[in-house]
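Chemist: Next up is a structure, given as structure tokens.
Computed from the coordinates by the stated procedures, all read-outs in this text should not be read as laboratory data. Please read these numbers as outputs of a predicted model, since none were measured by experiment. So basically every Cβ, Gly included, is an ideal-geometry build from the backbone, and we count neighbours across all protein chains shown.
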Ligand code: GLU
């Protein structure tokens, strides 16, 4: 048997990290098993369809490196991979269930459904369809349909007994059939509901394993009943644990970023996010955390998916990202750094000093956890600082600093401009003035960068160039005085 798995997003909004984790587990499982990974677009809810969301979704999946074997853009033997283009198929299957008595037409109007709901609320009964049309005479049902009355097609769920299925993560799960209502399969507009389209397509596309978030567990017994009604074998189900915010509770925008797009924007590397998501609800069974793609594929197994909820610990993601930044060649970061600099209004500076990009990235890459941090803590590579860190000023810019720095500055014009020569000059100057090396270092860093931290000072001075350094020290002497 060839493993065939799918990620089946509904293009209604951004790619949530939970969705990305589902996609990623499917991808890892397919790669591990030598199977196929499909992407199927579940776009049957016309009211929530969003073209931009579809575009972003595809971009974000690609960015993460989750290439698919069948699906949008690449096609495949089960085309089309957009549910909105497969309506006939669902209609045919709904008709089949109507014909064999596993489904019925429901002519109840929205008004009637409102009344039912109201009555249920008043009587404190669980909500759900009251099965009013379930036992309508088939001939009468045909007649009303032919007369043009609008209807939905509902599943005739069994009212007794129970439905049991096995979940690879949670084991046996059991539902009493009477709690599963007669769900709608086909809507009045002829579009299928998620349930019908999902089951029909998983069967048609020969999906062997359904790996998805555990919010879909309550849908699964209904799907199992549908498989049975069609006379098909259901796939293996594997529901992935929910991802919670650190400290518990739902992941929410308030507590941090929730979409893959935001993490890209914030300057995370795709491999870091990939590695991090792989460890949400799964572990290789040893202490390893930073793992290559190949290592992840090799050690992945569904048996090691943890049923306990997983915490989204952004500090760990940052740490991982920092590790990946260190090993990423500087030039691989140029495009992204350029993009962020342009976004911050530094386009003209980039154009004027193209050689500065390599220096900026080279000197800050290993000291940064994220690309946006690399960019934002190095803006002084491009422009004179327009302010100086207050605390550092109070500590390092003393009344005597102006004199000391002025004496030093007078010598900067004649020194050979490389970090070794600069360091030698600073040492001899400190000795000559009878002060500490640090008494020149800290004020210089503040003057040229406005900050109290950064790369090695002499490498930084070398990178900025003689002219910029002398000008900036001059500005600081003027602005800060003694
Ligand atoms: N379209 C559903 C979603 O948006 C798919 C759920 C499933 O994988 O069955 O998540």
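Chemist: Scanning the stretch 418-438 for residues that are touching a residue at least 40 places away in the same chain (Cβ under 8 Å) and surrounded by fewer than 20 Cβ atoms within 10 Å (Cβ to Cβ), which turns out farthest from residue 369 (Cα to Cα)? Steps first, please.
Modeler: Step one: filter the stretch 418-438 for residues touching a residue at least 40 places away in the same chain (Cβ under 8 Å), giving 418-419, 422.
From what is left, the residues that are surrounded by fewer than 20 Cβ atoms within 10 Å (Cβ to Cβ) are 418-419.
Working: 418: 28, 419: 26 Å.
Ranking the candidates gives 418 first.
Okay, residues lined up against (1) closer than 26 Å to residue 225 by Cβ; (2) in contact with a strand residue (DSSP E or B) (Cβ under 7 Å, 6 or more places away or on another chain); (3) surrounded by 14 or more Cβ atoms within 10 Å (Cβ to Cβ); (4) touching a residue at least 40 places away in the same chain (Cβ under 8 Å):
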{"residue": "115", "(1), (2), (3), (4)": "no, no, no, no"}
{"residue": "119", "(1), (2), (3), (4)": "no, no, no, no"}
{"residue": "125", "(1), (2), (3), (4)": "yes, no, no, no"}
{"residue": "131", "(1), (2), (3), (4)": "yes, no, yes, yes"}
{"residue": "140", "(1), (2), (3), (4)": "yes, no, no, no"}
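Chemist: Restricted to the stretch 1-10, and to residues that are more than 9 Å from the ligand (Cβ to nearest atom) and touching a helix residue (DSSP H, G or I) at 6+ places or on another chain (Cβ under 6 Å), which residue is farthest from residue 70 (Cα to Cα)?
Modeler: Residue satisfying both the conditions and the ranking: 3.
Chemist: For the stretch 26-57, what are the residues that are in contact (Cβ under 8 Å) with a residue 60 or more places away in the chain, in contact with a helix residue (DSSP H, G or I) (Cβ under 8 Å, 6 or more places away or on another chain) and either within 12 Å of the ligand (Cβ to nearest atom) or closer than 17 Å to residue 212 by Cβ (or both)?
Modeler: 28, 29, 35, 40, 42, 44, 45
Chemist: I need a count of the residues in the stretch 58-117 that are under 38 Å from the mean Cα position of the chain (by Cα) and assigned to a loop (DSSP other than H, G, I, E, B).
Modeler: Selection size over the stretch 58-117: 15.
Chemist: Give just the number: which of (1) under 23 Å from residue 350 (Cα atoms); (2) in contact (Cβ under 8 Å) with a residue 60 or more places away in the chain does residue 368 not satisfy?
Modeler: That leaves (2) as the condition not met.
Chemist: How many of the residues making up the stretch 377-392 are part of a helix (DSSP H, G or I) and surrounded by 14 or more Cβ atoms within 10 Å (Cβ to Cβ)?
Modeler: Step one: list which residues in the stretch 377-392 are part of a helix (DSSP H, G or I), which gives 379-381, 390-392.
Still in the list and also surrounded by 14 or more Cβ atoms within 10 Å (Cβ to Cβ): 379-381, 392.
Adding up the residues that qualify gives 4.
Chemist: Let me ask something additional. Could you check the stretch 189-207 and list, in sequence order, the residues that are away from the ligand (no atom under 14 Å from the Cβ) and touching a strand residue (DSSP E or B) at 6+ places or on another chain (Cβ under 6 Å)?
Modeler: 206
Chemist: Does residue 20 meet the test of being free of Cβ contacts under 8 Å to residues at least 40 places away in the same chain, within 16 Å of the ligand (Cβ to nearest atom), crowded, with 19+ Cβ neighbours inside 10 Å and not in a loop (DSSP other than H, G, I, E, B)? First the steps, then the outcome.
Modeler: On the way: free of Cβ contacts under 8 Å to residues at least 40 places away in the same chain: no; within 16 Å of the ligand (Cβ to nearest atom): yes; crowded, with 19+ Cβ neighbours inside 10 Å: yes; not in a loop (DSSP other than H, G, I, E, B): yes.
Spelling it out, it is not the case that residue 20 is free of Cβ contacts under 8 Å to residues at least 40 places away in the same chain, within 16 Å of the ligand (Cβ to nearest atom), crowded, with 19+ Cβ neighbours inside 10 Å and not in a loop (DSSP other than H, G, I, E, B).
Chemist: Give the stretch 439-455 a look and list any residue that's part of a loop (DSSP other than H, G, I, E, B) and surrounded by 13 or more Cβ atoms within 10 Å (Cβ to Cβ), or say none. Lay out the reasoning, then the answer.
Modeler: If we filter the stretch 439-455 for residues that are part of a loop (DSSP other than H, G, I, E, B), which is where we start, we get 450-455.
450, 451, 452, 454, 455 - these are the residues of the stretch 439-455 that are part of a loop (DSSP other than H, G, I, E, B) and surrounded by 13 or more Cβ atoms within 10 Å (Cβ to Cβ).
Chemist: In the stretch 151-166, what residues are more than 19 Å from residue 102 (Cβ to Cβ) and surrounded by 17 or more Cβ atoms within 10 Å (Cβ to Cβ)?
Modeler: None; the set is empty.
Chemist: Additional query: Mind listing whichever residues of the stretch 393-405 are over 13 Å from residue 430 (Cα atoms) and in a helix (DSSP H, G or I)? So that I can check it myself, show each step before the final result.
Modeler: Kept after step one, since they are over 13 Å from residue 430 (Cα atoms), are these residues of the stretch 393-405: 393-400, 402.
The answer is 393, 394, 395, 396, 402.
Chemist: Being within 15 Å of the ligand (Cβ to nearest atom) and in contact (Cβ under 8 Å) with a residue 40 or more places away in the chain is the filter; apply it to the stretch 58-70 and report the residue that is surrounded by the fewest Cβ atoms within 10 Å (Cβ to Cβ). Talk me through it step by step, then tell me what you get.
Modeler: Taking the stretch 58-70 as the starting set, the residues that turn out to be within 15 Å of the ligand (Cβ to nearest atom) are 58, 60-61, 66, 68.
Retained after the next criterion (residues that are in contact (Cβ under 8 Å) with a residue 40 or more places away in the chain): 60-61, 66, 68.
Values: 60: 21, 61: 24, 66: 19, 68: 24.
My answer is 66.
Chemist: In the stretch 338-365, what count of residues is obtained for those that are free of Cβ contacts under 8 Å to residues at least 12 places away in the same chain, assigned to a helix (DSSP H, G or I) and under 27 Å from the mean Cα position of the chain (by Cα)?
Modeler: Result for the stretch 338-365: 3.
Chemist: Here is a check on your reading of the model: is residue 335 more than 19 Å from residue 463 (Cα to Cα), in a helix (DSSP H, G or I) and in contact with a helix residue (DSSP H, G or I) (Cβ under 8 Å, 6 or more places away or on another chain)?
Modeler: Working: more than 19 Å from residue 463 (Cα to Cα): yes; in a helix (DSSP H, G or I): yes; in contact with a helix residue (DSSP H, G or I) (Cβ under 8 Å, 6 or more places away or on another chain): no.
It is false that residue 335 is more than 19 Å from residue 463 (Cα to Cα), in a helix (DSSP H, G or I) and in contact with a helix residue (DSSP H, G or I) (Cβ under 8 Å, 6 or more places away or on another chain).
Chemist: So, one more: Those residues that are under 21 Å from residue 32 (Cα atoms) and surrounded by 18 or more Cβ atoms within 10 Å (Cβ to Cβ), I need them from the stretch 293-325; list them, please.
Modeler: 296, 299, 300, 302, 305
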